[in-house]
C-alpha cells in the first residue's frame with residue numbers, strides 16, 4: 001500500500017456537486033414520473049425534492065464555518081440557525097426513503113426499481129466522496145462487494161420479473177441470468193469475507 | 001516530557017469509534033429496501049437493499065482502541081495575520097486513513113485539513129496551517145483526527161486540545177525615526193550636535209595643542225597655511241518612551257483604535273530598538289503598566305509581551321505623573337499612540353509637555369459617532385467633531401505635534417515632517 005500526505009479538500013468539488021445534482025434530479029424524476037394521484041405520492045415527491053435540495057445545500061455549505069456571533073444582526077442569526085438546522089438533519093437519507101416510497105407506487109416493471117437501486121447506490125457513494133473530499137479511488141476496496149450486490153439486485157429483479165414473463169425462451173434466459181448473478185455474487189463476496197475474517 | 005530531539009512524546013489517546021455517515025446512509029437504504037420488500041412482497045426492493053447489506057457486512061470489529069498522537073507548534077512566537085503551523089504526528093495502524101484538521105478557537109483561521117493516506121511507516125506527520133486573525137492571548141482550538149477504515153464504514157475520532165498562545169500585534173512599518181536635537185550623553189548611533197568621536201563629519205577648525213594629529217584636515221591646512229582639523233559629531237543614543245493608550249477600542253473590527261495603537265507601538269518599539277535606542281513602554285489602560293527604557297533583544301520581547309498581556313479598558317488609571325523617574329527619563333522622546341478620547345490622557349500629555357518632555361502624538365481615531373437623521377443627533381455629531389478638533393488644536397498650541405495615522409499606510413508617511421530633520425527638544 002502506498003503512503004503519503006495530501007491536503008484534504010483539494011478535490012474539485014464543483015464537478016462532483018454537479019454530478020450529485022444531476023443524480024438527485026435523475027433519481028427523483030425516475031421515481032416520481034409519471035405523476036400519480038393521491039396524497040402519499042404528493043407528500044413523497046415534495047419530501048424527496050426538499051430533501052434532495054437540502055442535501056445539495058448541505059454539501060455545498062460543508063466548508064463554511066457556522067457563525068458563532070450570538071450578538072449578530074437578525075439576518076446573521078437567522079442564517080446561522082438555518083445553516084445549523086441544515087447540517088443537523090441527514091437529508092440524503094430522507095431523500096432515499098422518500099424516493100423508495102415513491103417507487104412502491106410506481107406502475108412500471110421490476111427493472112425500473114432495479115435501475116433506481118443502482119442510481120441510489122451511486123448517489124450515496126457520490127455524497128460520501130464529496131462529504132469527505134476523497135477521490136473515487138478510495139471506493140476501490142468496495143468494488144467487489146458492490147458488484148456482488150448488483151448481481152444480487154439483478155437476481156432479485158429477475159425473480160420479480162419471472163411471474164410477469166410469458167413462458168418460453170425469455171423466461172428461461174431470465175432464470176439463467178438470475179442463477180449466474182447469484183454465482184457471481186458469491187464468488188465476489190466470499191474472498192472479501194474470508195479476508196475480513198482472517199484479520200479478526 | 002520531550003524526547004531526545006526536543007519534541008513532545010507521543011500521547012496515547014482513546015479513540016471514539018462509530019458508524020460513518022456513509023455507513024448510516026447505506027443502513028437506511030438497506031432497511032428501507034428490506035422493509036418495503038416485506039411490506040409489499042416485491043423482491044426487487046430486497047435487491048435494492050442487497051449492495052448496501054453486503055457492504056455493511058464488512059464492518060470490522062477489530063479497531064485500535066488507542067491512537068498515539070504528538071502535537072507540537074512550528075513556531076514559538078505568533079504574529080497576527082501571519083501564518084503558522086501545528087505539526088501533528090500520528091502513530092496509526094497503516095491501513096487506516098487519517099484526516100487531521102484544526103477546529104479553530106475564537107480569532108483563529110484554520111487552513112485546510114490534511115489527509116494521511118495508509119502508509120507502511122508507523123509514524124505519519126502532518127502540518128496544519130493556521131493564522132491568528134487578531135493579537136492577544138487566545139486558545140488555538142483543537143486538533144481533530146478522524147480515522148477511517150478501508151471500507152469507510154467506521155470512523156474513529158480523537159481530539160487533542162491545543163495550547164493558548166500569545167499572539168503579537170503586527171508591527172506597523174516604520175523605516176525612519178524621529179530624533180531629538182538634544183541627546184543624553186550615552187554612546188549610541190545618532191549624530192548629535194555636540195562634537196565628539198563619531199564618524200559623521202561636522203566641520204573644520206584650527207588646530208590647538210593637544211588635538212590628535214590623525215584628524216588634521218590636509219586640504220584646509222595647505223589652503224590656509226595653518227594647521228586645521230576635521231571635527232566629527234558625537235554619536236549618542238536616544239531615550240524613547242512609547243505610550244500606548246488602551247482606554248478605548250472603537251472602530252471597525254480589525255482596525256479599531258486599539259488595534260492601531262498596539263500595531264503602531266509595536267512598530268515604533270521595533271524600529272527604535274533596531275537602531276539601538278533605549279526604549280521604554282507605558283500602557284495607559286485600566287491600570288498603568290510600564291517598563292523603563294532599555295536595549296536589546298530580550299528587552300524587545302519584554303516590551304512586546306507587556307503590550308499583549310496588559311489589561312485594557314475604561315477604568316480609572318493613575319496619572320502619568322506618578323510614574324517613577326526611570327520610566328520617563330529626562331530628555332526622552334515620548335511617542336503617544338492614542339485616539340485622544342480619554343481626557344485623562346490628554347491631560348497627562350499636557351502635563352508631560354509642561355515638564356519639558358518632547359512629546360509626539362499619533363492620533364489613531366478611525367471612527368466617529370454615526371448620527372441618525374434627527375436634527376439633535378446631527379448637531380451632537382458636529383459638536384463632537386468640534387470638540388475633537390479643539391483637543392488636537394490645543395495640543396499643537398502647547399508644542400505637541402499631533403499626526404493622524406489610519407493604519408493602512410506605513411508610519412513613515414504621517415511622521416515624514418518630523419523624521420526628515422531633528423526634532424527640536426524644548427525645555
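With (1) within 11 Å of chain B (Cβ to nearest Cβ); (2) modelled with pLDDT of 65 or more; (3) out of contact with any strand residue (DSSP E or B) (no Cβ under 9 Å at 6 or more places or on another chain) as the list, and residue A:134 as the residue in question, which single condition is left unmet? With (1) within 11 Å of chain B (Cβ to nearest Cβ); (2) modelled with pLDDT of 65 or more; (3) out of contact with any strand residue (DSSP E or B) (no Cβ under 9 Å at 6 or more places or on another chain) applied to residue A:134, the lone miss is (3).
Which count do you get for residues in the stretch A:22-47 that are surrounded by fewer than 17 Cβ atoms within 10 Å (Cβ to Cβ) and either assigned to a helix (DSSP H, G or I) or at pLDDT 85 or above (or both)?
From the stretch A:22-47, those surrounded by fewer than 17 Cβ atoms within 10 Å (Cβ to Cβ) are A:22, A:25-26, A:29, A:33-40, A:42-43, A:46; that's our starting set.
From what is left, the residues that are either assigned to a helix (DSSP H, G or I) or at pLDDT 85 or above (or both) are A:22, A:25-26, A:29, A:39-40, A:42-43, A:46.
Residues in the stretch A:22-47 being surrounded by fewer than 17 Cβ atoms within 10 Å (Cβ to Cβ) and either assigned to a helix (DSSP H, G or I) or at pLDDT 85 or above (or both): 9 in total.
Considering each residue of the stretch B:135-150 in turn, at least one proves to be assigned to a loop (DSSP other than H, G, I, E, B), in contact (Cβ under 8 Å) with a residue 40 or more places away in the chain, closer than 30 Å to residue B:98 by Cβ and touching a helix residue (DSSP H, G or I) at 6+ places or on another chain (Cβ under 9 Å).
Within the stretch B:131-158, restricting attention to residues that are more than 29 Å from residue B:307 (Cα to Cα) and surrounded by fewer than 19 Cβ atoms within 10 Å (Cβ to Cβ), the residue that is farthest from the chain's Cα centre (by Cα) is B:150.
Give the residue, chosen from B:58, B:62, B:40, that is facing chain A (nearest Cβ under 10 Å), at pLDDT below 85 and over 24 Å from residue B:153 (Cα atoms).
B:40
Elements of the type strands (runs of 3 or more DSSP E) sitting completely within the stretch B:1-77 and holding at least 3 residues that are within 30 Å of residue A:147 (Cα to Cα): these cover B:16-19. Can you find even one residue in the stretch B:182-200 that is in a strand (DSSP E or B) and modelled with pLDDT of 90 or more? Scanning the stretch B:182-200, I find no residue that is in a strand (DSSP E or B) and modelled with pLDDT of 90 or more, so the answer is no.
Residue under question is residue A:107, and the condition is that it be out of contact with any helix residue (DSSP H, G or I) (no Cβ under 6 Å at 6 or more places or on another chain), at pLDDT below 85 and not assigned by TED's automatic domain parsing to the domain that holds residue A:161; does it hold? When the stated conditions are applied, residue A:107 passes them. Residues that are surrounded by fewer than 23 Cβ atoms within 10 Å (Cβ to Cβ), facing chain B (nearest Cβ under 9 Å) and in contact (Cβ under 8 Å) with a residue 12 or more places away in the chain within the stretch A:95-108 comprise just one, A:101.
The values are calculated or read from the model by the stated rules, or taken from the named source; none is laboratory data. Since we're looking at a predicted model, the values are computed, not measured. Glycine also receives a Cβ, built like all others from the backbone with ideal geometry; neighbour counts cover every protein chain displayed.
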